[in-house]
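To start, the structure under review is shown below, and the notes come after it.
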Amino acid sequence: MRVLVLGSAAGGGFPQWNCACRNCSCLRTGNLSFRPRTQTQALVSPSAGSWFLINASPDLRSQMLSTPLLAPVKPPRHTPIAGVVLTSADVDCVAGLLHLREFQPLHIYATASVRRILLEENRIFGVLGRANPPAVWHDIPFHTWFSFRNAGPAQAHSSTRLQGVALGGAFPDYVSEKLRKSLQPDEAVIGLVLAEGNHQLLYVPSLPSGSGQWKSWTQTSDLCLLDGTFWDDRELISAGVGSKTAREMGHVPLSGAGGLLQELEALKSARRVLIHVNNTNPILDENSSEHRQVLRAGWEIAYDGMEFEL
Ligand SMILES: [Zn+2]
């Protein structure tokens with residue numbers, strides 16, 4: 001299984017268009033301790049020539065165009081992308097679906113609640129149904145493996161097994177109260193386990209809590225791509241750009257008591273990589289003590305273009 005990071009920043013990207021925080025300002029002025037990042041987007045290839053997007057970032061069009069292996073090869077219209085897996089209905093996870101609207105048949109995997117948010121209440125996503133055949137939506141179950149349908153008329157299943165992991169967390173603010181009442185809370189934010197043979201990836205770009213059932217999957221995974229959004233719980237408040245703590249926004253911070261670094265201190269078996277890094281996070285400064293602290297603890301920090309082979 002190949003895994004590509006097409007984007008590694010949290011919502012807004014790095015730099016964020018309207019942000020003059022220290023990090024964004026340093027990057028704009030050419031400080032070489034910082035590298036730009038697009039909004040988080042992962043790509044997995046469970047079998048040769050067939051690619052699945054994990055989420056659909058607002059930067060998806062430019063991310064696809066800058067990835068030669070995603071170029072169409074069969075005229076008149078074609079894509080090696082067979083489908084998309086969604087981990088939540090957050091704008092950063094779903095806005096890119098609109099880039100995929102060019103009459104392209106796709107498989108879309110999401111929890112039933114996320115599917116209902118997009119199709120029942122946000123009819124713009126109905127444009128995906130104009131393809132012939134239209135996009136096929138598949139509900140992600142919990143506690144059971146499922147597999148990807150490959151592209152093409154035969155739609156053979158890939159050999160990669162997937163499982164959704166409930167993480168707690170909340171539905172996005174834009175969901176109406178009426179619909180929210182009929183949704184399953186544990187379907188709001190999920191992580192993904194992808195297994196091929198005896199290799200396993202845990203993908204959790206948004207992690208509401210440092211404790212919980214999801215932790216057991218870190219023990220059996222070769223690679224964990226985990227939420228690196230915020231360093232400090234009060235990071236946005238300290239930077240003067242927000243009023244909520246990291247935890248209130250559904251992201252366990254990296255530092256402090258109960259932070260991700262402490263929660264996974266004992267984990268040595270898996271390669272641990274932080275993804276979905278917010279532009280205010282001091283680990284983006286490669287000369288910062290926080291950056292060095294993360295590396296010393298055995299973590300890596302994802303960058304656009306990072307690749308893994310499992
Ligand atoms: Zn910023």
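The values are calculated or read from the model by the stated rules, or taken from the named source; none is laboratory data. Because the structure is a prediction, the values reported are computed rather than measured. Backbone-built Cβ (ideal geometry, glycine too); neighbour counts: all protein chains shown. Please note that ligands, DNA and RNA were not included when accessible areas were found on the heavy atoms of the full protein model with its side chains. Shrake-Rupley method; radii C 1.70, N 1.55, O 1.52, S 1.80 Å.
At a glance:
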{"read-out": "Residue identified as among the hydroxyl-bearing types (Ser, Thr, Tyr), within 30 Å of GLY12 (Cα to Cα) and assigned to a helix (DSSP H, G or I) among SER113, SER88", "value": "SER113"}
{"read-out": "Selection within segment 13-52 - in contact (Cβ under 8 Å) with a residue 60 or more places away in the chain and away from the ligand (no atom under 16 Å from the Cβ)", "value": "ALA42, VAL44, PRO46, SER47, SER50, PHE52"}
{"read-out": "ASN55 vs. criteria within 15 Å of the ligand (Cβ to nearest atom), among the polar types (S, T, N, Q), touching a residue at least 60 places away in the same chain (Cβ under 8 Å) and touching a helix residue (DSSP H, G or I) at 6+ places or on another chain (Cβ under 7 Å)", "value": "no"}
{"read-out": "Meets criteria (within 17 Å of ALA10 (Cα to Cα) and assigned to a strand (DSSP E or B)) for ALA42", "value": "yes"}
{"read-out": "Residue in segment 153-164 that is over 21 Å from LEU194 (Cα atoms), touching a Ser or Thr at 6+ places or on another chain (Cβ under 9 Å) and either surrounded by 13 or more Cβ atoms within 10 Å (Cβ to Cβ) or polar (S, T, N, Q) (or both) present", "value": "no"}
{"read-out": "Residue ID - nearest to the ligand (Cβ to nearest atom), chosen from residues in segment 263-294 that are charged (D, E, K, R) and part of a helix (DSSP H, G or I)", "value": "GLU290"}
{"read-out": "Among residues of segment 48-66, those that are crowded, with 17+ Cβ neighbours inside 10 Å and closer than 21 Å to LEU310 by Cα, counted", "value": "6"}
{"read-out": "Filtered residue count, segment 1-39, keeping only those that are in a loop (DSSP other than H, G, I, E, B), open to solvent by 20 Å² or more (accessible area, probe 1.4 Å) and hydroxyl-bearing (Ser, Thr, Tyr)", "value": "2"}
{"read-out": "Any hit, segment 79-97, residues being within 16 Å of the ligand (Cβ to nearest atom) and either touching a Ser or Thr at 6+ places or on another chain (Cβ under 8 Å) or at pLDDT below 95 (or both)", "value": "yes"}
{"read-out": "Single condition HIS251 does not satisfy, out of (1) open to solvent by 10 Å² or more (accessible area, probe 1.4 Å); (2) assigned to a loop (DSSP other than H, G, I, E, B); (3) over 21 Å from GLY7 (Cβ atoms); (4) touching a strand residue (DSSP E or B) at 6+ places or on another chain (Cβ under 9 Å)", "value": "(3)"}
{"read-out": "Filtered residue count, segment 265-292, keeping only those that are open to solvent by 30 Å² or more (accessible area, probe 1.4 Å) and among the hydroxyl-bearing types (Ser, Thr, Tyr)", "value": "2"}
{"read-out": "Pairs with Cβ under 8 Å, 6+ apart, first in segment 65-77 and within 18 Å of HIS99 (Cα to Cα), second among the aromatic types (Phe, Trp, Tyr)", "value": "LEU69/TRP51; LEU70/TRP51; ARG77/PHE103"}
